[in-house]
Amino acid sequence: MSEIRFDERVAIVTGAGGGLGREYALLLARRGAKVLVNDFGGGPDGSGGSETPAQSVASEIEKAGGVAAASAETVDTPEGGRVIVEQALDLWGRVDVLVNNAGIAGGGAFHEIPAEQVSKMIGVHVEGAFNVGRAAWPAMLERGYGRVVNTSSGSVFGIPGTSHYMTAKAGIIGFTRALAREGARVGIKANAIMPIAYSRLTAMLPAEDFKAWLREHYGPERVAPFVAWLAHEGIPCTGEVFTVGGGRAARVFLGVVPGHTASPPTPEAYRDHFDEVMSPEGYEIPADAMEEVAMASGKIGWPGAGPPDMLLDSD
Ligand code: NAI
């Protein structure tokens, strides 16, 4: 089988001054991509800022014979997104791959997290991906080609004490599915990962024994190969989410169970059939919102074969 390569491709990796992003940048560069290493260079909570992390990873790539440039812009402003993409376009004339990886951490009881921390969390993760993605999109449209890899988190399954982070990472799933729909007919594919890796973010976890185990088995270099595959021309899917860590990659999906259709719908009917509402047996995985509507309307007796006309894809 042929080697997965990125010759002639230009990749932007945000938050690539350390942790997972650094591994993505190193691997993509080793496989031939020209890489814009973006990192704001601040603390794990998003404070401060320094050019050093991005510079040092770009230098590391160049010393190994690769092509890279450093960007210390922040992703959490539209201007930052624009400048990051412009730098890649000015240097290399194209953007083929965007890995939205920049992220910060933070915690606290739901009712105690200050409003500005909520804004910062949504700003870096969700708006950050929007800002760089929106700036890169026209360049991808122009060439009819693009690969976007976004970073969600397994915290979406539920974890106490980090509601703003979980909310932001759940937003990334919607963002990914939106880009997948809009990119479907124009050669752009977007997928997301929920990484599991030992990094300075997971080093903040309190449980020492779990951290030691993570360090041993979940190095960030064990996530990067799957990200490279998602960033490659050959990836067959779009709009998907994967949990990736320790060498394992597995699909995570939004599915719908058959449920119970009550006629007439009364509170008692749902109480009496709640097992059917909940049972995962016979679940389906809608490819998009229209398929979900088709599944639902089929249950209610829509006589057409597909979804109602007014809901047919208009993109
Ligand atoms: P990390 O802290 O080593 O990497 C994040 C990088 O993003 C840092 O280098 C930081 O300077 C940069 N960054 C932060 N704000 C930025 C901004 N406004 N503009 C540009 N760069 C910025 O942590 P790690 O673990 O490598 O995280 C990478 C991504 O993976 C993050 O989005 C994180 O939320 C996500 N993630 C990581 C998990 C893990 O197990 N390590 C689990 C789930 C998600």
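Below is a table of values for the structure above.
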item: Residues of type lysines that LYS63 reaches as a straight line, Cα spacing below 16 Å, ignoring anything fewer than 8 places off in the same chain; result: LYS34
item: Residues listed by number, region 223-249, amide nitrogen under 15 Å from ILE285 label point at 7 Å toward C-beta; result: 236-244, 249
item: Estimated 222 nm signal from helices in the chain, with DSSP H stretches of n ≥ 4 weighted -39500 (n - 2.57), rounded to 500; result: -12000 deg cm²/dmol
item: Solvent-accessible area per residue, Å², over the chain with all protein chains present [probe radius 1.4 Å]; result: 50 Å²
item: For region 128-226: relative contact order, % (alpha-carbon pairs under 8 angstrom, 6 or more apart); result: 27 percent
item: Whole-percent carbon and sulfur share, accessible surface of the chain, 1.4 Å; result: 57 percent
item: Two-site FRET efficiency, LEU254 against ARG215, from Cβ-Cβ distance with R₀ of 45 Å, rounded to 0.05; result: 0.90
item: Most mobile of SER263, SER155, SER163 in a GNM of the chain (Cα contacts under 10 Å); result: SER263
item: Label zone at GLU116, where the point sits 7 Å out along the Cα-to-Cβ direction: region 62-101 residues whose backbone N lies under 18 Å; result: 76-77
item: Amide H contacts under 5 Å for VAL148, placed H, 5+ residues apart; result: LEU98, LYS189, ALA190, ASN191
item: Gaussian network model of the chain, Cα within-10 Å springs - most flexible of GLY48, GLY18, GLY154; result: GLY48
item: Set of aspartates and glutamates with alpha-carbon distance to LYS211 below 17 Å, sequence-local pairs under 8 removed; result: GLU221
item: Residue-wise HN-Hα coupling along region 208-220, computed from phi with Karplus coefficients 6.51, -1.76, 1.60 (Hz; x: Gly, Pro); result: 5, 5, 5, 4, 4, 5, 4, 4, 6, 10, 10, x, x
item: Max mean-square fluctuation residue, GNM over the chain, Cα-Cα springs under 10 Å, options ALA25, ALA16, ALA207; result: ALA207
item: Amide H within-cut-off set for ALA68, under 5 Å, with H built and near neighbours excluded; result: VAL35
item: Nonlocal amide H pairs with GLY32, under 5 Å, H built at 1.01 Å; result: PHE6
item: All aspartates and glutamates inside 20 Å of LYS189 as judged from Cα atoms, apart from same-chain residues fewer than 8 positions distant; result: ASP7, GLU8, ASP96, GLU127, GLU142, GLU233, GLU240, ASP288, GLU291, ASP313, ASP315
item: Equivalent-ellipsoid semi-axes of the chain, from the Cα gyration tensor, Å, largest first; result: 36, 25, 18
item: Derived scalar couplings ³J(HN,Hα) [region 68-81; Karplus, 6.51 cos²θ - 1.76 cosθ + 1.60; whole Hz; x for Gly, Pro]; result: 7, 9, 9, 9, 9, 5, 8, 7, 8, 10, x, 4, x, x
item: Loop-exposed chymotrypsin sites (Phe, Trp or Tyr not before Pro) per DSSP, neighbour cap 13 Cβ within 10 angstrom, longest uninterrupted part of the chain; result: 1-252
item: Length-normalised contact order for the chain - Cα pairs under 8 Å, 6+ apart - percent; result: 14 percent
item: J(HN,Hα) series, region 251-261, from Karplus relation 6.51 cos²θ - 1.76 cosθ + 1.60, nearest Hz, glycine and proline x; result: 5, 10, 9, 9, x, 10, 8, x, x, 10, 9
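The values are calculated or read from the model by the stated rules, or taken from the named source; none is laboratory data. A quick note: this is a predicted structure, and the numbers were derived from the prediction, not measured. Using ideal geometry, Cβ is built from the backbone for each residue, glycine included, and neighbour counts are taken over all protein chains shown. Protein only, heavy atoms only, side chains kept; ligands, DNA and RNA dropped before computing areas. Shrake-Rupley method; radii C 1.70, N 1.55, O 1.52, S 1.80 Å.
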